[in-house]
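Beneath this line is the structure, given in structure tokens, with notes to follow.
The values are calculated or read from the model by the stated rules, or taken from the named source; none is laboratory data. Being a predicted model, the structure only gives us computed values, none of them experimental. Positions of Cβ are backbone-derived with ideal geometry, glycine not excepted, and every protein chain shown enters the neighbour counts.
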Amino acid sequence: MNLKWNTGNRMKLSYEYLPYRTSNVMKKAVVTALLVSSFTFNIGFAKENESTPLQKIYHIYASGQYVGAVSDETAVKDLVETKINQASSQYNELILRDGSNITIVSEQVFNTETNNEQTLDKLDDLVTVAAEAFALSVNDEIAVYVKDLESYHEVIRKLKLKSVSESQLNELEARQNSIDTLPPLKENETRILDINLKERISGVTKLAKPNTVLSVDEAVAYLQKGTLEEKVYAVQSGDVFGRIAKSHNLSSTDLIKLNPGVSEDGVLKIGQELKVTALKPLVNVEVLSEKRVTETIKFKKEVEETDTMYKGDTKVKQEGSDGRREITYLIQEQNGERTSKSVKEENVLVEAKNHIVLKGTKVIPSRGSGSFAWPAEGGYISSQMGHRWGAFHKGIDIARPSGYTIKTADNGIVKFAGRDGTYGNKVVVDHQNGYETVYAHLASISVNEGQTVPQGSKLGVMGSTGRSTGIHLHFEVIKNGNNVNPLGYLRK
């Protein structure tokens, strides 16, 4: 119990927190009987020793409050010890002490009559039990109490193990205690360089209420989340994800993090339980690591224009090929989430070769550029390429233009100009680059075969000759002898 006499016959026990109280009537009765016996003994002794008429009584103070006087200090010690023994059954892993700031002051008096029972009853309500504990402080403020210094160090270690594996932590600690130079990283190897607690963590031995002393795992959970109890919300009829988050002062992202597997667009079921406690870690664990990988360097595509080739023609000057590089990254994480990634070292093993394409810019009126202009003055597509009326429609029909002039879609030479059965008046332009274009149902033709026609030249006037149900232009694009859909080539 560690009750000691101090100079001036004072005895003190210190405790800073709320009391742990129990009541034991039988024990108080025994202590009172001891006091009565002591009182009788003291009176008899005074009569037998007339030369020393003064006797001692003991004034009791608890937490600065005067309690009363007793004739025997042993009764006080027994009362405190009883309290401690009763608490020990509940907190058997803790070292318990008195925490009532009890002070005993002796006094020499002629009359030793005291009200022992009343004083002990009053003291019984004031006596508290304290546990010897280790206070863990975060940024100089006490956050949790644990059993002892060993538990404190275990809490720190387990906090780190929430972000790294035990083998990684053991390896880091072994390296930190070694003077050997770090070996080069192997390919795809990750190495922890440092683990830090972002906040200032310190500790000191203190007395605490026994029920405030946490286990190591409880302390770790509290420091990670800022709470020991997480609130849960049961989904009600009509609830939506965003509204649930807002009503609990959370963002949708926060709510998703608290409930892995739940998405903002997912279906909520009535009665489904969602964690809604906004966790605020008291301690943040930062991990700095390095990782070496071999990466592909993707080649780039380049286009070089040249006037030695006709416009619309292309040629591969250099085939592209990927390169390879060894790269070491520095990676920083906080509480398991990456916060930054930077290049520490880079070594190019194979240079990438860009893919280079030559693009012709040389333009002559008789050769197409490969870019097809809209062949009419406005209008819309009244019929597309494909099966129609039991036959295959080889091009598109353009109707209702703002003007009726028909223009060549690209530079070329007129290959055909005249009447052609169901096509009516038709013009075919050879663009001298593998492409031909067909213009049909013209009311009149304005060009002759063999004539050079630069892009935009007038070929004739829109009409309804041949097999036609109205004024429109039938337009085809032929690539290397095969009809292709004009919509994939025209720019309007």
Filter the stretch 468-484 down to the residues that are surrounded by fewer than 15 Cβ atoms within 10 Å (Cβ to Cβ), polar (S, T, N, Q) and assigned to a loop (DSSP other than H, G, I, E, B), then identify the one that is modelled with the lowest pLDDT. Thr469
Just checking, how many residues over the stretch 195-238 are on the phi < 0 side of the Ramachandran plot, in contact with a Pro (Cβ under 8 Å, 6 or more places away or on another chain) and surrounded by fewer than 18 Cβ atoms within 10 Å (Cβ to Cβ)? 1
Filter the stretch 363-385 down to the residues that are within 17 Å of Ala440 (Cα to Cα) and of a type in the set (Val, Ile, Thr) and list them by number. Ile381
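Does Gly456 fit the bill of being under 21 Å from Val484 (Cβ atoms), in the same structural domain as Arg467 (by TED's automatic domain parsing) and within 60 Å of the chain's Cα centre (by Cα)? Give the steps one after another, and end with the answer.
On the way: under 21 Å from Val484 (Cβ atoms): no; in the same structural domain as Arg467 (by TED's automatic domain parsing): yes; within 60 Å of the chain's Cα centre (by Cα): yes.
Here the answer is no, as Gly456 does not meet what is asked.
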Considering the stretch 53-75 alone, what residues qualify as being in a loop (DSSP other than H, G, I, E, B) and out of contact with any strand residue (DSSP E or B) (no Cβ under 7 Å at 6 or more places or on another chain)? Pro53, Ser63, Gly64, Asp72
Tell me, yes or no, whether the stretch 109-119 has at least one residue that is outside the structural domain of Asn211 (by TED's automatic domain parsing), closer than 30 Å to Ser151 by Cα and part of a strand (DSSP E or B). no
Can you name the residue in the stretch 318-361 that is small (Gly, Ala, Ser) and in a strand (DSSP E or B) and, of all such residues, is surrounded by the most Cβ atoms within 10 Å (Cβ to Cβ)? Gly360
In the stretch 216-237, which residues are small (Gly, Ala, Ser) and out of contact with any strand residue (DSSP E or B) (no Cβ under 8 Å at 6 or more places or on another chain)? Ala221, Gly226, Ser237
For the stretch 138-156, check the following and say yes or no: at least one residue is in a loop (DSSP other than H, G, I, E, B), of a type in the set (Lys, Arg) and under 16 Å from Gly226 (Cα atoms). no
Among residues of the stretch 255-297 being basic (Lys, Arg) and closer than 30 Å to Asp194 by Cβ, the residue surrounded by the fewest Cβ atoms within 10 Å (Cβ to Cβ) is Lys280
Listed by first then second residue, the pairs whose first member lies in the stretch 189-204 and is more than 10 Å from Val283 (Cβ to Cβ), whose partner is surrounded by 15 or more Cβ atoms within 10 Å (Cβ to Cβ) and among the basic types (Lys, Arg), with beta carbons under 6 Å and at least 6 positions apart or on separate chains, are Glu189/Arg292; Thr190/Lys291; Ile195/Lys160
Might you check whether a residue that is surrounded by 14 or more Cβ atoms within 10 Å (Cβ to Cβ), at pLDDT below 90 and closer than 23 Å to Ser163 by Cα occurs anywhere in the stretch 239-254? yes
Has the stretch 341-358 got at least one residue that is in contact (Cβ under 8 Å) with a residue 12 or more places away in the chain and over 30 Å from Thr294 (Cα atoms)? yes
Can you tell me which of Thr437, Thr422, Thr465 is of a type in the set (Val, Ile, Thr) and in a loop (DSSP other than H, G, I, E, B)? Thr465
Could you list all residues from the stretch 169-201 that are in contact with a helix residue (DSSP H, G or I) (Cβ under 8 Å, 6 or more places away or on another chain), assigned to a strand (DSSP E or B) and closer than 28 Å to Glu141 by Cβ? Asp194, Ile195, Leu197, Ile201
So is Glu449 at pLDDT 95 or above, outside any strand (DSSP E or B) and under 20 Å from Gly481 (Cα atoms) or not? yes
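For (1) within 23 Å of the chain's Cα centre (by Cα); (2) in the same structural domain as Ser100 (by TED's automatic domain parsing); (3) under 23 Å from Leu96 (Cβ atoms), each residue gets a yes or a no:
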site: Asp148; (1), (2), (3): no, no, yes
site: Ile156; (1), (2), (3): yes, no, no
site: Glu166; (1), (2), (3): yes, no, no
site: Arg175; (1), (2), (3): no, no, no
site: Arg191; (1), (2), (3): yes, no, no
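Just for the stretch 256-281: of the residues that are under 29 Å from Arg200 (Cα atoms) and not in a loop (DSSP other than H, G, I, E, B), which one is farthest from the chain's Cα centre (by Cα)?
If we take residues in the stretch 256-281 being under 29 Å from Arg200 (Cα atoms) and not in a loop (DSSP other than H, G, I, E, B), then Leu258 is farthest from the chain's Cα centre (by Cα).
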Residue hits (the stretch 305-355; of a type in the set (Gly, Ala, Ser) and within 28 Å of the chain's Cα centre (by Cα)) are Gly336, Ser340, Ser342
Is it true that Gln86 is buried (at least 17 other Cβ atoms within 10 Å of the Cβ), under 21 Å from Lys147 (Cα atoms) and not aromatic (Phe, Trp, Tyr)? yes
Tell me whether the stretch 366-375 contains one or more residues that are at pLDDT 95 or above and either exposed (fewer than 14 other Cβ atoms within 10 Å of the Cβ) or in a strand (DSSP E or B) (or both). yes
Qualifying positions in the stretch 376-387 - loosely packed, with under 14 Cβ neighbours inside 10 Å, part of a strand (DSSP E or B) and at negative phi: Tyr380, His387
